[in-house]
Amino acid sequence: MARNDKREEGDDLARNAAETMLGPNPFVGLRFTDLTRSLLGAWGAVLKNPTTMLEQYGAFLRGTMAALDPSSDGVTGDKRFADPEWRDNPAYRSLMQVYLNWAKSFVGLVDALDLEPFERERARFVLTLIADTLSPTNTLVGNPTAFRKTLESKGANLASGLSNLVSDLVRNEGMPSQVDKSAFDVGGNIAVTPGAVVFCNEVLELIQYAPTTPSVHARPHLFIPPQINKFYVFDLTPEKSLVRFLLDKGFQVFLVSWRNPTARDRDWGIATYIAALREAVDAVKSITGSDDLIAHAACSGAMTSVILAAVLEAENNRSIRALTLMVAVLGTDADTQLGMFATPDVIEAAKQRVAKTGVLEGKEMGRVFAWMRPNDLVWNYWINNYLLGNRPPAFDILYWNNDTTRLPAKFHGQLLDVLGQGQLLRPGALEVDGAPVDITKISADKFVLAGSTDHITPWRGVYRMAQALGGEVEFVLSSSGHIQSLVNPPGNARSKYNSHATIEPTADAWLAASTTTQGSWWERWAEWLEARSGDKVPAAKRLGDARHKPLAAAPGLYVRE
């Protein structure tokens, strides 16, 4: 295979995985007993109505006969069958069509059974998992790309694949590696924007970044990352850095870097994170001399930021002038993934399991989510690493996603309650240190971002968050998925976004009234921020102040834990 073809193959592999990052489900987990129960429930429904099985079998036979018709062109939108051999070779074309017809009938059987909607979704998930596992593309002979490479390399790819497999068994707990970790160094070629840690407590480090313009807006900006990932999704390479983008626009930028908790930190809860953030906010105000700031957050960091803003608002503390909330939901509904296996007993079992160990390991969350999206996060890498014998791709976003963190037991349990019970969507349902949280009273202006193809935090769910917040809200819909919406620097000709100044009664009504703009939403965001960031003042010549002296160079120490 040519070098360019290899690069494109690796880029495609990375892009597919980049849109299947951690969502809510890993907080709950997948229990083998639940999967088995769903399968047995479907089988029980078949036994009660065997004619359904016979009807589906008949449909399978008819579909197979039609698929084997020589006039069939073999065209499919399934990216597993992208190799031209699946169309041009009659044997492979027949194999593909029979498999796809069988998988459709196998999974489609669920729709014909007399099951409750909830049980039907669970059974469909389990049967799809089985069908994906049995795809011919996961085998050497059944994968024309791998088979051809084996012949061309005289088996060298299999030797390399065996080496990769042994390495993954030893170092990655048997899961196929998603990224070449040797290609990245935090602080070396990733997370490299100059700055310094200017404040530290046991929960976080506060990084202040060096200005890149002679004058800056007086009101500072603070990034609050998710607790389930490390902060540098906001500062990947210089070309993909939200931090550097704002610096070059003349904004003062600070960022929180969470400490990676251990079992001794099992009692860290929402109140712990809020208290730590309050200290960081005070430090930013002290260093810049500003009475308030603008906060930016994504995913679970957005949930924490909303709680912080609501707590401050209840005290009549207006330290947060505006909020950016990116690809985040504050509760779960039919559009999100949390509900599939998140029954009350499963949630309680998840809480108890994590309570015993003190933390929920990031690697455990990663394994769970991999099996929620097996084609993108398991079988793609099985083929790439073991059948083709390639190294996993060197992709910065995947490196960040695999640089896992832990969640303390108390925070994990509270997070499940906040999401599963929709506590933030019910004023007063959540209390922090005895103070009821009411997000409808947050006076700060809000900029809310969603991704149109985001399956982790679906955009209509994000829109419902924008509706729930009330006040002045700018809602923007990027044309990408979860991570590509967030990391969306100007210059990509395929980027576009939808915007509309008014929050309409429904998401679809908003979309119908919105305007599509080519380019990155970052530029519109910068304009929104400029209107709220105050007048220009001379940029500071030194980082920190008399009370907050630089402690370490960015990216700090906590990010390396």
Which residues, counting only those in region 427-466, are more than 22 Å from the chain's Cα centre (by Cα) and more than 16 Å from Val311 (Cβ to Cβ)? Asp445
Filter region 291-310 for residues that are more than 18 Å from Phe475 (Cα to Cα) and open to solvent by 10 Å² or more (accessible area, probe 1.4 Å); the one that is farthest from the chain's Cα centre (by Cα) is Asp291
Here the qualifying pairs (Cβ atoms under 9 Å; residues six or more apart or on different chains; first in region 444-463 and free of Cβ contacts under 8 Å to residues at least 60 places away in the same chain; second of a type in the set (Phe, Trp, Tyr) and open to solvent by 10 Å² or more (accessible area, probe 1.4 Å)) come out as Ser452/Trp459; Ser452/Tyr497
Just for strands (runs of 3 or more DSSP E) wholly inside region 243-336: which have at least 3 residues that are at pLDDT 95 or above, of a type in the set (A, V, I, L, M, F, W, C) and in contact with a Lys or Arg (Cβ under 7 Å, 6 or more places away or on another chain)? 320-326
Selected residue (criterion: farthest from Glu239 (Cα to Cα)) from residues of region 513-536 that are open to solvent by 80 Å² or more (accessible area, probe 1.4 Å) and acidic (Asp, Glu): Asp535
Given (1) more than 20 Å from the chain's Cα centre (by Cα); (2) more than 30 Å from Asp83 (Cα to Cα), where does Lys363 come up short, assuming only one miss? (1)
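Looking only at residues that are of a type in the set (Val, Ile, Thr) and farther than 18 Å from Phe199 by Cα in region 249-290, which one is surrounded by the fewest Cβ atoms within 10 Å (Cβ to Cβ)? Full working, then the answer.
So the first thing to find is which residues in region 249-290 are of a type in the set (Val, Ile, Thr), and the list is 253, 256, 262, 270, 272, 274, 281, 284, 287-288.
So of that shortlist, the ones also farther than 18 Å from Phe199 by Cα come out as 262, 270.
Working: Thr262: 12, Ile270: 23.
Going through the qualifying residues, I end up with Thr262.
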Would you be able to say whether some residue in region 495-512 is within 30 Å of Trp400 (Cα to Cα), open to solvent by 70 Å² or more (accessible area, probe 1.4 Å), under 24 Å from the mean Cα position of the chain (by Cα) and modelled with pLDDT under 95? no
Please tell me if Ala191 is at positive phi, within 29 Å of the chain's Cα centre (by Cα), in contact (Cβ under 8 Å) with a residue 60 or more places away in the chain and surrounded by 15 or more Cβ atoms within 10 Å (Cβ to Cβ). yes
Residue check: is Asn488 polar (S, T, N, Q) and over 20 Å from the mean Cα position of the chain (by Cα)? no
Residue within region 375-387 that is open to solvent by less than 10 Å² (accessible area, probe 1.4 Å) and outside any helix (DSSP H, G or I) present: no
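The values are calculated or read from the model by the stated rules, or taken from the named source; none is laboratory data. Since the structure is predicted, the reported quantities are computational estimates derived from the model, not experimental observations. Here the Cβ is made from the backbone with ideal geometry for all residues, glycine too, and neighbour counts use every protein chain on show. Areas reflect the complete protein model, heavy atoms only, side chains present, ligands, DNA and RNA absent. Shrake-Rupley method; radii C 1.70, N 1.55, O 1.52, S 1.80 Å.
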